[in-house]
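The values are calculated or read from the model by the stated rules, or taken from the named source; none is laboratory data. None of these values were measured; they are calculated from a predicted model. All Cβ positions, even for glycine, are placed from backbone atoms using ideal geometry, and neighbour counts span all protein chains on display.
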Amino acid sequence: MIEIVRVRYDDPAHAAALIGLLDAYARDPAGGGEPLSDFARAKLIAELAARPFIFSVLAFDGGTPVGLVNAIEGFSTFACRPLVNVHDVVVAPSHRGRGIAAQLFAEVEAIARERGACKLTLEVLEGNAPARALYRRLGFAAYQLDPGMGEAQFLQKWLD
C-alpha cells in the first residue's frame, strides 16, 4: 500500500527520506550523475523549511520512501495568480511503473489548488521518454502563447 504524505521538514524521517531520494535522483543520469554535495546534504532541509513557497510530497511503501516531488510556488503575472513549478520528481527504480508518480502529482495538484495556483509547470529532459509520456497523460503540454512564435525553451545560466 503506497502512502502519499506532505513533507514535514521538521520530521527526521521525512528529512532523511527526502535527502535519500534526492541523492539517488542526483546520481542517476537523468539527475546529472553526481551525488548531492556535502553542503546540500547538510543544509537542504533547513533551507527548504525556511521558504514557505516550497513544498514537498513523499511516497512510502510501508516504511520505505519510494517517491518524492519538490515543488516551488512562483507567480504568473498574466493570470495574476500563483503557479507551482514541479522541480524534482523521483520514483525509486524498484517502484517505477506502479503509478506512484501519478499519485504524487495528484497531491501536488491538490496543494496547488489550495494555494489558488493557476497552473503547474515542469521541465523534463528530452531523452526521458517515460517521464514525458507520464506528463502527457497527466495533461501537461509544451508551453506556447502564439503557435507562430513556437514553443518555450528552458534555459539556464549558472552564477558563481
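Values as computed for the structure displayed
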read-out	value
Residue in the range 124-155 that is nearest to the chain's Cα centre (by Cα), counting only those that are under 16 Å from Gly31 (Cβ atoms) and not in a helix (DSSP H, G or I)	Val124
Tally of residues being of a type in the set (Gly, Ala, Ser), outside any loop (DSSP other than H, G, I, E, B) and more than 13 Å from the chain's Cα centre (by Cα) across the range 108-123	1
Selection within the range 138-150 - surrounded by 10 or more Cβ atoms within 10 Å (Cβ to Cβ) and within 30 Å of Gly97 (Cα to Cα)	Leu138, Phe140, Tyr143, Gln144
Test: residue in the range 44-55 that is in contact (Cβ under 8 Å) with a residue 24 or more places away in the chain, of a type outside the set (Val, Ile, Thr) and over 20 Å from Leu22 (Cα atoms)	no
Within the range 14-33, considering residues that are in contact with a strand residue (DSSP E or B) (Cβ under 9 Å, 6 or more places away or on another chain) and more than 19 Å from Ile54 (Cβ to Cβ), the one modelled with the lowest pLDDT	Asp28
Lone qualifier among Ala13, Ala17 - being out of contact with any His (no Cβ under 9 Å at 6 or more places or on another chain), within 19 Å of Gly62 (Cα to Cα) and surrounded by fewer than 18 Cβ atoms within 10 Å (Cβ to Cβ)	Ala13
Selected residue (only one of Val57, Val69, Val86, Val124 is out of contact with any Asp or Glu (no Cβ under 8 Å at 6 or more places or on another chain), among the aliphatic types (A, V, I, L, M) and modelled with pLDDT of 95 or more)	Val86
Single residue of the range 6-33 satisfying the filter (touching a residue at least 60 places away in the same chain (Cβ under 8 Å) and over 13 Å from the mean Cα position of the chain (by Cα)) that is farthest from Glu126 (Cα to Cα)	Ala24
Answer from Phe53, Phe75 - the residue that is surrounded by fewer than 19 Cβ atoms within 10 Å (Cβ to Cβ), among the hydrophobic types (A, V, I, L, M, F, W, C), touching a Leu at 6+ places or on another chain (Cβ under 9 Å) and farther than 20 Å from Gly31 by Cα	Phe75
